[in-house]
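What follows is a single structure, written as structure tokens, with notes after it.
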Amino acid sequence: MRLDWELAMRLAPRLYMDELEPFKPVMVGVTLIDRTFPSPSFRRTLNVDQESMLGVIEYAVYYDYDIQHLYDLEHVWVYVAHDGSVLNVEASFHGKYLRGLLPDRSNLGTDGRASLFVQPGKHAFSPMPEFFLLLPDVESANDKLAGSGGVLEPDMLKGAYKTVPGEMDLKAEAHLQEFRFKPSFQYVPYEWPEGIFVTWDVLKEEIPKRMRLLLESI
């Protein structure tokens with residue numbers, strides 16, 4: 001068994017999104033990690049025990065929009081055994097990450113794909129949708145707090161598109177207010193469209209281009 005693109009496509013997580021979710025993923029940057037190495041797009045080191053595992057597949061899921069800010073990058077990490085089966089899954093949650101498999105692994109399908117729920121508007125991941133209901137701002141983030149984060153520009157892209165911070169933040173806030181919604185908390189399967197998966201290097205080059213065009217249009 002090899003840690004390759006075919007395996008990454010086969011093990012891509014199955015997402016469930018709120019049926020009223022206004023934003024969908026734009027691109028997914030895939031990185032194959034076969035030794036202990038820093039994530040190229042998240043502040044963490046991925047530990048690979050080569051005796052017990054083949055490696056880690058990182059899926060960096062990019063959206064143009066989070067309900068509170070322009071630019072959103074979420075992550076899923078799938079830890080793969082030497083036989084190609086899934087050992088573990090981790091998923092991003094507001095700058096941190098959670099275990100992506102339930103204790104009984106019941107959200108891991110017979111096809112090897114983990115099922116994850118997507119927080120309405122914000123896109124954090126959880127293996128159980130009830131977890132989102134514990135967040136104090138799970139509804140207000142999509143209502144009166146929409147756009148409050150303006151334009152997000154992470155350190156790895158600093159200076160690439162947020163050239164007039166104050167003005168751009170105000171425009172982004174007004175624009176995102178147009179997408180205010182009340183989540184249904186009813187989740188439907190999201191099917192990955194053809195061509196959405198690219199390498200992380202391709203995605204990293206594409207994000208500033210998309211953001212510049214978006215900022216020019218609002």
**Asked** What angle do you read, to the nearest 10 degrees and between 0 and 90, between the alpha-carbon axis of helix 165-177 and the longest principal axis of the chain?
**Response** 80 degrees
**Prompt:** Which residue, Glu21, Glu90, Glu205, tops the fluctuation ranking in a GNM of the chain built on C-alpha contacts under 10 Å?
**Reply:** Glu205
**Item:** ³J(HN,Hα), Karplus 6.51/-1.76/1.60, whole Hz, each residue of the range 104-121, x for Gly, Pro
**Value:** 8, 6, 6, 9, 9, x, 5, 7, x, 8, 7, 9, 10, 9, 10, 4, x, x
**Request:** Give a quick list of chymotrypsin sites (Phe, Trp or Tyr not before Pro) in the range 121-218 that DSSP marks as loop, anything other than H, G, I, E or B, with at most 14 other Cβ atoms within 10 Å.
**Result:** Phe179
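Kindly state, to the nearest 0.05, the FRET efficiency for Glu130 paired with Ile196, given R0 = 25 Å and r defined as their beta-carbon distance. Mind dumping the intermediate values first?
Working: r = 28 Å, r/R0 = 1.12.
Working from the Cβ atoms, E equals 0.35.
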**Prompt:** Could you name the lysines in cross-link range of Lys144, using Cα to Cα under 20 Å and dropping any fewer than eight places away on the same chain?
**Reply:** Lys122, Lys171, Lys182
**Request:** Work out Dmax and Rg for the range 13-96 from the C-alpha atoms and quote the Rg first, both in angstrom.
**Result:** 14.1, 44
**Asked** trypsin sites (Lys or Arg not before Pro) within the range 150-180: which are DSSP loop residues with at most 11 other Cβ atoms inside 10 Å?
**Response** Lys158
**Asked** Dividing the Cα radius of gyration by the Kirkwood radius, what Rg/Rh value follows for the chain?
**Response** 0.97
**Asked** Could you give the nm distance between label points at Glu6 and Glu216, where each point is 7 Å from its Cα heading toward the beta carbon?
**Response** 4.1 nm
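Any idea what the relative contact order of the range 5-217 is, in percent, if you count C-alpha pairs under 8 Å spaced at least 6 apart?
Numbers: 422 pairs, mean separation 55.9, N = 213.
Normalised by residue count, the contact order of the range 5-217 is 26 percent.
If you keep only loop residues by DSSP, which trypsin sites (Lys or Arg not before Pro) in the range 70-106 have at most 15 other Cβ atoms within 10 Å of their Cβ? Walk me through the numbers on the way to the answer.
Details: sites: Lys96, Arg99, Arg105; in loops: Arg105.
Of the trypsin sites (Lys or Arg not before Pro), the ones in loops of the range 70-106 whose Cβ has at most 15 other Cβ atoms within 10 Å are Arg105.
The numbers here are math on the coordinates, done by the rules we state, and not lab data. The shown structure was predicted, so the numbers you read here are calculated from the model rather than taken from an experiment. Glycine gets a Cβ as well: all are built from the backbone with ideal geometry, and neighbour counts include every protein chain shown.
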